[in-house]
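The values are calculated or read from the model by the stated rules, or taken from the named source; none is laboratory data. Source: prediction; values computed, not measured. Here the Cβ is made from the backbone with ideal geometry for all residues, glycine too, and neighbour counts use every protein chain on show. Remember, those area values only see protein heavy atoms, side chains included, never the ligands or the DNA or RNA. Shrake-Rupley method; radii C 1.70, N 1.55, O 1.52, S 1.80 Å.
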Amino acid sequence: MPQPPAIYGIIGNPLTHSLSPLMHNAAFKALKVNAVYKLFPLLDDEELKLFMEDLKEEGNPIFGLNVTVPYKEKVLPFLDGIDPFAEKVGAVNTIVISHQRKCYGFNTDGPGFLSHLTEVGFDPVGKRIAILGAGGTTRSILSVLCLIPERPQGIRLYNRTPGKVLQLFDDLKQRIDLSNVQVVNSVDDLNIELADCLINTTSVGLGGSDGLLVDASLLHPDMLVYDVIYNPKETALLKAAKAKGAKAVNGLGMLYYQGALAFQHWAGVEIEEGLRQIMRKALQGG
Ligand code: ATR
């Protein structure tokens, strides 16, 4: 009798645009392992609770999960263990489920972002960084930037809703040294003209939506403009950055690195270069 496949997948809402199945199913296929990566849309907190309770039942075939909006924080109470970085961030995007049905949480968004910065040749040590947005992505990016031993010189944070960014700052500062971080009240106070790097974590530009949160004339050739959006590949912000001679990078690399790190947590081993390339190609084709 053929064995049923091991199941992996992603929980969140909405999930229709997720590229994660492409990357992980390509890896399973290349490794010839009997496993499949699925989408698990969960409509509300009650569905999350039932799903997480069911996960702990003997015989459940799910052994690994990614977690996305809006459950990265909400999933914490259901975990049996959490790794130190994810605990500091206060958000989990990867869960490993043991054969004893214990759930362990990790955050690969922060390290994934850092790996991509390294790949594009940007070293955040001593740099001036401006961040737009205060959602889950900012939480992970800000945490990882503040936890590297030699930190950026200064990080300025702006969000449309001031209460949200202040709440994020107050929460993170309980666990992470944010002494180099300043929450600002207007886009102008981000001092983009002096920044070495501008990071957009907002959804402005997603799906080709118009709008530019910053004054394009302030972008300059000595900066990296990083937009976590990868659909479209080039947002209005990245187009404006290129036009001003700045280095413009989208978030597909971050998606790839967080996924590769998640896969490593599930597999329990480091993945080889050949497999990495297969995973990345699968994403780029998607
Ligand atoms: P993620 O987890 O991917 O970071 P999120 O938690 O939904 O996503 O956060 C979305 C971010 O985009 C928020 O910072 C949001 O700002 P508000 O807190 O003011 O809602 C920001 N955002 C979305 N649409 C925006 C817009 N039109 N102008 C400015 N910011 C916007």
*asked:* Pull out all pairs, ordered by first then second residue, where Cβ-Cβ is under 7 Å, the residues are six or more apart or on different chains, the first lies in the range 58-83 and is modelled with pLDDT under 95, and the second is within 14 Å of the ligand (Cβ to nearest atom).
replied: V69/G12; V69/G136
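Quick one: would you say L213 is over 17 Å from G136 (Cβ atoms), in a helix (DSSP H, G or I) and within 16 Å of the ligand (Cβ to nearest atom)? It would help to see each step written out before you state the result.
On the way: over 17 Å from G136 (Cβ atoms): yes; in a helix (DSSP H, G or I): no; within 16 Å of the ligand (Cβ to nearest atom): yes.
So L213 fails the test.
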*Test each condition in (1) in contact with an Asp or Glu (Cβ under 8 Å, 6 or more places away or on another chain); (2) closer than 16 Å to V75 by Cβ; (3) hydrophobic (A, V, I, L, M, F, W, C) for I141 and report the one that comes out false.*
(2)
*Is it the case that the range 71-83 has a residue that's open to solvent by 30 Å² or more (accessible area, probe 1.4 Å), within 16 Å of the ligand (Cβ to nearest atom) and not basic (K, R)?*
yes
*For E57, indicate whether it is among the charged types (D, E, K, R), within 16 Å of the ligand (Cβ to nearest atom), in a loop (DSSP other than H, G, I, E, B) and surrounded by fewer than 18 Cβ atoms within 10 Å (Cβ to Cβ).*
no
*asked:* Being touching a residue at least 40 places away in the same chain (Cβ under 8 Å), more than 24 Å from N250 (Cα to Cα) and over 18 Å from the mean Cα position of the chain (by Cα) is the filter here; which residues of the range 137-191 pass it?
replied: D171, R175, I176
*Which condition does V125 not pass, out of (1) within 16 Å of the ligand (Cβ to nearest atom); (2) more than 15 Å from the chain's Cα centre (by Cα), if it passes all the others?*
(1)
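Sort through R175, R139 and tell me the only one that's within 16 Å of the ligand (Cβ to nearest atom) and under 22 Å from V92 (Cα atoms). Let's see the steps before the verdict.
Details: R175 fails: within 16 Å of the ligand (Cβ to nearest atom).
Being within 16 Å of the ligand (Cβ to nearest atom) and under 22 Å from V92 (Cα atoms) holds for just one of R175, R139, which is R139.
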